[in-house]
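Below: the structure, in structure tokens.
The values are calculated or read from the model by the stated rules, or taken from the named source; none is laboratory data. Since we're looking at a predicted model, the values are computed, not measured. Positions of Cβ are backbone-derived with ideal geometry, glycine not excepted, and every protein chain shown enters the neighbour counts. These accessible areas exclude ligands, DNA and RNA; they are computed on the full protein's heavy atoms, side chains included. Shrake-Rupley method; radii C 1.70, N 1.55, O 1.52, S 1.80 Å.
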Amino acid sequence: MTVFLLPLMALAACAFSLSAALHLCVLTGRAPTWLPLPLENYSGALTMGIFVVWFPAVLLAQRMHPTGSGTFSWRALLAGCPPWMRYAAGGLFIYAFVNFFLSVQRVADDPLSALRPITGHAMLFYGVAFCIFFSAWRRPRILAQLECPLGHRLRHGDRFCPECGASVTPATPGQD
């Protein structure tokens, strides 16, 4: 899986850059001159591209949190990212949420403004996918499956097995 991290990071970064550029064009109301097709033609490509990067990102996230204990932590998932990147991911979530509600009332006014929620959400999905890939690339040990001495699955950071109570030694490979 780590072989695919760099190409997926590059794809997510390029798609994030394109969606951010298109979003700025939509916000300013000006169609870019560097695009060979009208701006409206790119919404389908942006939407389909999300699935290309988001599916592997979800698989990585499940691998980083192997047990289904119901607790999910973005902090643990993005542990390999620098703090500014974690804050940027949170900022993207807030921006996409606010942007969606601000753009709903303007969709009827201008056909170009219908792209505003699409490009805003595309930035969120591509940006967060990039952060997940970057975290896994920077700390590949968080992808390792941890087990207690009796073979039960563990989450990263567990000191005791939740099933049998066995102590997990800090020397366990992949322990962060």
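For the reader, a short list of remarks on this structure follows.
- Ordering of 161-167, 134-140 by packing is 134-140, 161-167, highest average first (other Cβ atoms within 10 Å, averaged per residue).
- A simple rule links phi to the HN-Hα coupling: the Karplus curve 6.51 cos²θ - 1.76 cosθ + 1.60 with θ = phi - 60°, which for segment 77-94 gives 5, 9, 5, x, 8, x, x, 5, 6, 5, 5, 5, 5, x, x, 5, 5, 5 Hz, with x for Gly and Pro.
- Between LEU27, LEU18, LEU60, the Gaussian network model of the chain with springs among Cα atoms under 10 angstrom shows the greatest mean-square fluctuation at LEU27.
- Positive-end ranking of LEU115, ALA144, ASN99 along the dipole of the chain, with charges on Cβ about the Cα centre, is headed by ALA144.
- Spin-label pair CYS164/PHE93, simplified geometry with 7 Å Cα→Cβ offset, distance in nm: 3.6 nm
- On the basis of the beta-carbon distance and an R0 of 41 Å, ARG30 and ARG155 show a calculated FRET efficiency of 0.25.
- Among 46-58, 121-133, the peptide with the highest mean count of other Cβ atoms within 10 Å heads the list, and the full ranking is 121-133, 46-58.
- Cβ charges +1 (Lys, Arg) and -1 (Asp, Glu), total dipole of the chain, debye: 340 debye
- Using C-alpha pairs under 8 Å with a sequence gap of at least 6, the mean separation divided by the residue count of the chain gives a relative contact order of 31 percent.
- When the charge dipole of the chain is built from unit charges on Cβ atoms (+1 for Lys and Arg, -1 for Asp and Glu) and taken about the Cα centre, the candidate among TRP54, ALA76, LEU37 whose Cα reaches farthest toward its positive end is ALA76.
- Degrees between helix 5-28 axis and first principal axis of the chain (Cα, 0 to 90, nearest 10): 30 degrees
- Excluding ligands, DNA and RNA, the accessible surface per residue across the chain is 58 Å² with a 1.4 Å probe.
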